[in-house]
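Any read-out appearing in this document is the output of simple, stated calculations on the displayed coordinates, not a laboratory observation. Just so you know, these numbers come straight off a predicted model, no measurement behind them. Every residue, glycine among them, receives a Cβ derived from its backbone with ideal geometry; neighbour counts consider all protein chains shown.
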Amino acid sequence: MSPVLTTLRALSPESLAACLTAAVAAPSVHNTQPWLFRARGPEIDVMADLRRRLRVIDPDGRQLAVSVGAAALNLRVAMRAGGRLPVQRLLPDSVHPETLVTVFPGPFSPPGAGIRELAAAIGRRHTSRAPLCTSAIPWQVQQDLIAAAAAEGARLTGCAPVARDGLLALTRAAEETLHRDPAYRDEIAAWTGGPASRTDGVPVAAFAPRDATARLPLRDFGLGHPQPRRPDGARFERFPALMVLSTAGDSRYDWVRAGQALQRVLLTATVHGLAVTPMNQALDVPALRHLTGGDGAGRHAQAILRLGYGTPGPVTPRRGVDEVLV
Ligand SMILES: Cc1cc2nc3c(=O)[nH]c(=O)nc-3n(C[C@H](O)[C@H](O)[C@H](O)COP(=O)(O)O)c2cc1C
């Protein structure tokens, strides 16, 4: 660490608690919350909890690293909104590869309105799997989302109709392939439903409603918990707005950066009143993932996002900070 930074004060216990509370509000694959945190002097390590890796859909830990990256982004936003410039190191320690990001509080600096809006969106952001309104997303809003991804080193690309239809076909094929795999069914059953006291996993209230038209291939979280069929299915939008988040590389470093970019995009979308659903099934099937490559320029897709206006997603549970602080 540079001599200037070592002279900076650590966060107060209240500010540290606020940063960690923000971090654990991040989205994670199947709400596995695969993160641990360690405060060392002024530094905060954001670590992967490998026990929470999804062995079937995430054997190499890509989605785990994306999830941890999202938590680190929240931590940085909360630190910045609290008046300190966050400084981060990615993959800082080759001896402890589970530490994916170290963040420490840099100089004092009053936060601007933009960062305060992002920080305020952290608690409001939730994944929505409801039907969304297809009204066009204004050009300026799209530019803000693209800029949010670029600020974290990733690219967000809107899908023209042909690309959208191709992605939907791939997603449908992936969803069907996954359904046929008993190990996938077991894994999704293990991370869904459960008692109301459960603090991880996707609760039944967050499952998508039944699609009356069977057109939109959202991930079926109800696979392991067959729900009584509702008499009327929901009518999903016919032409969903899809965007692909991609990176130039596909290393652990790129996955963590992709997670930070994903979360900055999701918070920016929340500020603009947009609901978002990741539809990543095609990324879970290696034979299909390489067909989804961002804008086709040899890039690596890290998330496929459906966006629109509509009901915000329901609150999902989280483990408390005391459970994830080592
Ligand atoms: C890496 C990653 C992959 C995800 N993939 C999907 C997905 O394919 N389908 C989906 O409906 N939600 C997906 N999600 C959303 C999570 O299920 C969601 O973040 C988690 O259940 C917590 O809920 P919340 O976002 O409402 O806080 C993904 C999230 C992350 C970070």
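Taken about its Cα centre, the chain carries a charge dipole of about 400 debye when Lys and Arg each add +1 at the Cβ and Asp and Glu each add -1 at the Cβ.
Given all pairs of different Cα atoms, what value in angstroms does the Kirkwood hydrodynamic radius of the chain take?
Details: mean 1/r = 0.0498 Å⁻¹.
Result for the chain stands at 20.1 Å.
Potential lengthening of the chain between Ala189 and Ala160 amounts to 7.0 nm, from the contour at 0.36 nm per residue minus the alpha-carbon distance.
Ordering Gly112, Pro138, Gly82 by the projection of their Cα atoms onto the charge dipole of region 82-139, which places +1 on the Cβ of Lys and Arg and -1 on the Cβ of Asp and Glu, puts Pro138 at the extreme positive end. Net charge around Ala258, counting only other residues with Cβ within less than 12 Å of its Cβ (Lys, Arg = +1; Asp, Glu = -1)? After counting each charged neighbour, the total is +3.
For the chain, what is the relative contact order in percent, using Cα pairs closer than 8 Å and at least 6 residues apart in sequence? It would help to have the intermediate numbers written out before the result.
Details: 639 pairs, mean separation 80.5, N = 326.
This gives 25 percent for the chain.
The magnitude of the dipole of region 186-326, with charges of +1 and -1 set on the Cβ of Lys/Arg and Asp/Glu and taken from the Cα centre, is near 340 debye.
Take the Cβ-Cβ distance between Ser197 and Arg238 as r, set R0 to 30 Å, and report the resulting FRET efficiency rounded to the nearest 0.05. Given R0 = 30 Å and the Cβ-Cβ separation, E is 0.15. Annotation: amide H of Val87 within the under-5 Å range of Phe104, Gly106, sequence separation 5 or more or interchain, hydrogens built in the peptide plane. For region 3-125, a crude dipole built from +1 on the beta carbon of Lys and Arg and -1 on the beta carbon of Asp and Glu, taken about the Cα centre, is about 180 debye to the nearest 20. Proximity of backbone amide H atoms, modeled 1.01 Å from N, is registered between Asp49 and Trp35, Leu36 at under 5 Å, excluding neighbours fewer than 5 places apart on the same chain.
Can you pull a Stokes-Einstein diffusion coefficient for region 139-308 at 37 °C (0.692 mPa s), Rh from Kirkwood over Cα pairs, as a whole number of µm²/s? Mind dumping the intermediate values first?
On the way: Rh = 17.0 Å.
So the translational diffusion coefficient is about 193 µm²/s.
For Val202, nonlocal amide neighbours, meaning residues 5 or more places apart or on other chains whose placed amide H falls under 5 Å from its own, are Thr192, Gly193.
Peptides 150-156, 66-72: what's the order by average Cβ count within 10 Å, highest mean first? Please list the in-between numbers first.
Numbers: 150-156: 18.7, 66-72: 29.4.
In descending order of packing, they fall as 66-72, 150-156.
Between Leu16, Leu274, Val256, the Cα set farthest toward the positive side of the dipole of the chain (charges on each charged residue's Cβ, about the Cα centre) is that of Leu274.
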